[in-house]
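See structure below.
The values are calculated or read from the model by the stated rules, or taken from the named source; none is laboratory data. Just so you know, these numbers come straight off a predicted model, no measurement behind them. Don't worry about glycine lacking a Cβ; one is built from the backbone with ideal geometry, like all the others, and counts go over all protein chains shown.
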């Protein structure tokens, strides 16, 4: 082997030319193939569990924060819906909780993007050139970047009640709860909310028999369909319509429902309509005869 610079013969295994001192190819190979020492950060990252990396990922943290911000407004909307059905206690808890959460988010954003005018103390938006109240020139400032550590505390004073950990758990659990809630309300929504339809279905006209209205309708109607129409805050009209083999035509029953506000309600049957023949019974005797036929 010879030196590439001066052409002198090189002893085997030497790293430098003895004549001119130029590094030999062997030295280059040795240096290029020397193992790199891994940094402590890289070693820690490679040894960290994938699940732990996901849990501690800033992207996942911010996703949990934004999701819970949106959830505040979902709580408010759900509370208003339950309020319409008369579930005051649960509705107020959801509305107050959602409103407090939404206010804390907006309040933190406001204080982060606004500062005080040095001349009059008026709150001014960071980036404005002059104060809108006194006209004084404002020093040039920039909005500080939002941090995950500060965002974690926006829903609670001590960061424990609604900490970042709780926000992450909420984000993971909500997609699992939504299908359960949808199925629950589709199967037993009327029962849970105590709607007028549910109350009429379970009402009993004891003067005719011991069966509920729903049981009697199912025995005499084919494919009955229930619906309701709200009259005011406490009263509604409930309809049930379907084919009655006894009359060989479609029949619609109309009930009146009124919530007394003390856990009880009043109800009555207002009319019986034979839809194909166009006959409508609203008097007591014809309705009583019809109910006797239903319960017989």
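The table below gives the values:
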| read-out | value |
| --- | --- |
| Those helices (runs of 4 or more DSSP H) lying entirely in segment 49-121 with at least 3 residues at pLDDT 90 or above | 58-84, 88-113 |
| All positions within segment 75-92 that are under 17 Å from the mean Cα position of the chain (by Cα) and surrounded by 14 or more Cβ atoms within 10 Å (Cβ to Cβ) | 75, 76, 78, 79, 82, 91 |
| Qualifying residue in segment 266-278 (condition: closer than 18 Å to residue 205 by Cβ, surrounded by 13 or more Cβ atoms within 10 Å (Cβ to Cβ) and either outside the structural domain of residue 206 (by TED's automatic domain parsing) or in contact (Cβ under 8 Å) with a residue 40 or more places away in the chain (or both)) | yes |
| Restricting segment 1-21 to residues that are touching a strand residue (DSSP E or B) at 6+ places or on another chain (Cβ under 7 Å) and assigned to a loop (DSSP other than H, G, I, E, B), the residue that is modelled with the lowest pLDDT | 8 |
| Which listed residue, of 149, 142, is surrounded by fewer than 13 Cβ atoms within 10 Å (Cβ to Cβ), modelled with pLDDT of 85 or more and in the same structural domain as residue 63 (by TED's automatic domain parsing) | 142 |
